[in-house]
Amino acid sequence: MTINGYEFDRFLRYDEMVAWLNAIAAKYPKLVSVESYGKSHKGRDLMLATITDTSTGAHNTKPAHWIDANIHATEVTGGVAALYIIQDLVEKFNDHDETVVEALRTRTFYIAPRVNPDGVEDALADKPLFHRSSVRPWPWRDGHRWPGLSVEDIDGDGAVRTMRIADPDGAWVEHNEDARVMVPVGPLGAPRGKTRYRLLDEGLLENFDGFTIPMPRDPAGLDLNRNFPAGWGTNVLGSGDHPMSEPEVHALVRAVTTRPNVCGYNAFHTSGGFMLRPSSTRADSTMPPLDIWVFNEFGNLSVQHTGYPVHSVYEDLTWDKNETMSGAGDDWAYEHLGVFSWTTEFWDAIFHATGENSPSNIWYVGPNPAQDLAVCKWSDEYAPGSYAAWKKFNHPQLGAIEIGGCDFFRIWINAPSSKLRDEVKGHVHFALFQALASPKIEIKLASAELVGNGVWQVRLGVANTGWLGTEVTIWANKHKIVLPLTVQIDGVAADDIIDGSPRVKLGQLDGRVRFRVGGDAKSDGTPDRVLHTWLVRASRGTEITLTARHPRGGEVATKLKLN
């Protein structure tokens with residue numbers, strides 16, 4: 001099945017993506033609905049797809065899993081993955097895939113495939129302009145360009161590559177095996193006769209003085225993934241004016257929190273080929289041990305289906321523990337919502353070229369010369385043109401330079417078109433696994449017994465049949481984030497309820513995960529069940545409705561005739 005001819009082999013521009021979403025919703029209206037949950041800085045609709053089998057209940061009556069993508073402007077592989085999951089769920093449901101049918105019958109998926117449409121649109125333009133994330137001028141609202149480098153495509157070839165300037169003090173020389181690859185000059189300097197170069201991202205210079213090239217204090221600009229409330233701070237690069245100051249983040253936070261049935265969260269990014277989990281700011285030793293254990297259980301499944309290793313952001317990826325990466329979406333989802341949350345970093349060019357995973361410090365130190373050369377050679381076969389020969393260019397400020405080398409956007413940051421579909425498809429399994437692990441409220445007992453003089457004893461037994469408890473995390477329990485299970489009786493007047501109230505709070509229910517740890521593994525008991533009883537006065541034949549609701553576990557009801 002294809003929708004609008006899209007085969008997940010390229011990156012869709014905004015209008016194409018919206019048309020694709022509307023087309024799949026129109027074709028499968030009982031499974032997919034599409035809406036706008038807010039507006040971007042430039043006024044584009046922020047699109048959200050809701051996927052569930054509506055014949056078994058409305059989306060908000062079922063536990064849900066949230067996925068979003070493309071909060072960073074150039075990390076567009078994640079958006080392809082989000083669209084792929086939507087289509088794959090629909091296809092497999094129609095093919096009667098047992099797991100998917102169960103998932104859509106009992107759960108809901110909320111998928112926001114492009115959190116930052118403005119930044120992505122600039123990155124995919126015919127003459128691309130790269131931002132870290134938001135396009136809003138910041139910290140200077142007037143958009144003044146201070147002295148320094150502005151990264152953009154200046155030679156009109158549709159790519160942003162590297163400028164190199166011959167410089168006897170330059171830090172780079174050509175690789176002996178391939179001139180397209182530049183290698184660092186070591187402590188002893190360059191070999192005699194080797195031309196040294198200074199490297200700059202392709203772009204223009206503001207107020208160039210002919211000698212120095214200052215780099216702005218915040219060259220990345222606004223980073224929407226540092227604008228979430230969790231751990232927000234002004235010392236974090238690109239964090240914005242205040243938590244949720246940016247419309248894209250404000251709208252996303254509102255969209256998720258107005259859907260209290262969300263039990264899991266996954267943000268799609270690139271690159272590195274990792275699954276990242278909280279925390280970004282605290283050691284594992286400060287987090288609930290059971291939550292760490294569950295994260296690891298999920299992680300084992302991720303490795304099995306995607307091949308991506310799992311890392312704690314703080315423990316494994318933070319270069320300087322005094323400079324943490326706070327204000328991120330996954331930390332917000334874990335700390336403020338109390339759900340298990342992930343950041344998926346799609347695409348590992350080093351792995352595809354060498355068979356070895358990128359090291360966890362790849363974001364800080366980059367590839368070594370052997371890895372860079374391997375990716376260059378691999379790309380000649382699977383992504384031709386990713387590494388280009390150096391060509392002379394007359395730069396308006398720098399004069400005679402060369403432009404060439406790697407198109408990082410198309411080979412290091414994102415999967416090339418020849419590998420795009422295969423890269424994203426394995427992640428459907430992880431989404432299904434986490435969705436089906438969510439708590440699920442079911443009515444297991446509903447009875448009424450006449451005890452005399454028109455008085456009935458009504459019993460309602462409710463169970464959590466999900467793997468996770470109704471609060472989802474221990475963190476949520478400790479911070480009192482989640483409202484309790486409630487049960488309700490309708491069909492009789494409040495005055496006719498002799499014992500009890502029409503609506504009652506019954507607390508939280510454990511899931512099967514608690515049978516694995518913290519107790520006798522061979523003697524479970526029933527921490528996943530609760531029984532409530534009412535005494536009501538009613539005539540024979542009266543029909544009553546019994547309803548159980550939990551913000552995360554869903555809503556179920558049953559009718560009972562007093563006979």
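The values are calculated or read from the model by the stated rules, or taken from the named source; none is laboratory data. The shown structure was predicted, so the numbers you read here are calculated from the model rather than taken from an experiment. Note that each Cβ is placed from the backbone with ideal geometry, even for glycine, and that neighbours are counted across all protein chains shown.
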* Count of region 310-360 residues which are touching a residue at least 40 places away in the same chain (Cβ under 8 Å), closer than 23 Å to Trp66 by Cα and not charged (D, E, K, R) -> 20
* To do: From (1) in contact with an Asp or Glu (Cβ under 7 Å, 6 or more places away or on another chain); (2) under 21 Å from Phe433 (Cα atoms); (3) among the aromatic types (Phe, Trp, Tyr), pick out the condition that doesn't hold for Trp146.
  => (2)
* Structure fact -> Within region 488-517, the residues that are β-branched (Val, Ile, Thr) and within 44 Å of the chain's Cα centre (by Cα) are Ile489, Val504, Val513, Val517
* Structure fact -> Asn357 vs (1) surrounded by fewer than 21 Cβ atoms within 10 Å (Cβ to Cβ); (2) in a loop (DSSP other than H, G, I, E, B); (3) out of contact with any helix residue (DSSP H, G or I) (no Cβ under 6 Å at 6 or more places or on another chain): all pass except (3)
* Structure fact -> Restricting region 212-234 to residues that are at pLDDT 90 or above and more than 20 Å from Pro137 (Cα to Cα), the one surrounded by the fewest Cβ atoms within 10 Å (Cβ to Cβ) turns out to be Thr212
* **Single residue of region 156-183 satisfying the filter (in contact (Cβ under 8 Å) with a residue 40 or more places away in the chain and in contact with a Lys or Arg (Cβ under 8 Å, 6 or more places away or on another chain)) that is farthest from Gly405 (Cα to Cα)** => Ile165
* Would you check if there is a residue in region 38-47 being out of contact with any helix residue (DSSP H, G or I) (no Cβ under 7 Å at 6 or more places or on another chain), part of a loop (DSSP other than H, G, I, E, B), surrounded by 19 or more Cβ atoms within 10 Å (Cβ to Cβ) and not aliphatic (A, V, I, L, M)? => no
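Regarding Arg282, is this residue among the charged types (D, E, K, R), assigned by TED's automatic domain parsing to the domain that holds Tyr37 and closer than 28 Å to Ala353 by Cβ?
When the stated conditions are applied, Arg282 does not pass them.
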* Structure fact -> Listed by first then second residue, the pairs whose first member lies in region 378-390 and is free of Cβ contacts under 8 Å to residues at least 40 places away in the same chain, whose partner is exposed (fewer than 15 other Cβ atoms within 10 Å of the Cβ), with beta carbons under 6 Å and at least 6 positions apart or on separate chains, are Tyr382/Ser418
* Asked: With respect to the numbered conditions (1) outside any loop (DSSP other than H, G, I, E, B); (2) among the aliphatic types (A, V, I, L, M); (3) in contact with a Lys or Arg (Cβ under 7 Å, 6 or more places away or on another chain); (4) assigned by TED's automatic domain parsing to the domain that holds Gly78, which one is the sole condition not fulfilled by Leu199?
  -> (4)
* With respect to Ile24, is the statement that it is part of a loop (DSSP other than H, G, I, E, B) and of a type in the set (A, V, I, L, M, F, W, C) true? -> no
* **region 485-511 residues that are over 18 Å from Lys561 (Cβ atoms), paired with ones that are part of a strand (DSSP E or B) and of a type in the set (Asp, Glu) (beta carbon under 8 Å, 6 or more apart)** => Pro502/Asp490
* To do: Give the residue that is farthest from Glu555 (Cα to Cα), with candidates limited to residues of region 250-307 that are among the β-branched types (Val, Ile, Thr) and touching a Pro at 6+ places or on another chain (Cβ under 8 Å).
  => Val303
* To do: Confirm whether Gly273 is at pLDDT 95 or above and at positive phi.
  => yes
* **When residues of region 139-183 are limited to those that are at pLDDT below 90 and aromatic (Phe, Trp, Tyr), the one nearest to Asn207 (Cα to Cα)** => Trp146
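For every residue, the table says whether it meets (1) of a type in the set (A, V, I, L, M); (2) loosely packed, with under 15 Cβ neighbours inside 10 Å; (3) free of Cβ contacts under 8 Å to residues at least 12 places away in the same chain; (4) closer than 30 Å to Thr542 by Cα.
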{"site": "His395", "(1), (2), (3), (4)": "no, no, no, no"}
{"site": "Glu402", "(1), (2), (3), (4)": "no, no, no, no"}
{"site": "Ile413", "(1), (2), (3), (4)": "yes, no, no, no"}
{"site": "Gly426", "(1), (2), (3), (4)": "no, no, no, no"}
{"site": "Ser438", "(1), (2), (3), (4)": "no, no, no, no"}
{"site": "Val451", "(1), (2), (3), (4)": "yes, yes, no, yes"}
{"site": "Gly461", "(1), (2), (3), (4)": "no, no, no, yes"}
{"site": "Thr470", "(1), (2), (3), (4)": "no, no, no, no"}
{"site": "Ile474", "(1), (2), (3), (4)": "yes, no, no, no"}
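Matching residues to (1) within 17 Å of the chain's Cα centre (by Cα); (2) among the charged types (D, E, K, R):
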residue	(1), (2)
Leu188	no, no
Arg192	no, yes
Tyr197	no, no
Leu204	no, no
Leu237	no, no
Pro243	no, no
Glu248	yes, yes
Phe268	yes, no
* To do: Name the residue, out of Ala283, Ala267, that is over 26 Å from Asp201 (Cα atoms) and either of a type outside the set (A, V, I, L, M) or surrounded by 18 or more Cβ atoms within 10 Å (Cβ to Cβ) (or both).
  => Ala267
* To do: With a cut-off of at least 1 residues that are farther than 24 Å from Asn60 by Cβ and not aromatic (Phe, Trp, Tyr), name the strands (runs of 3 or more DSSP E) lying wholly within region 494-563.
  => 497-499, 529-537, 543-550, 554-561
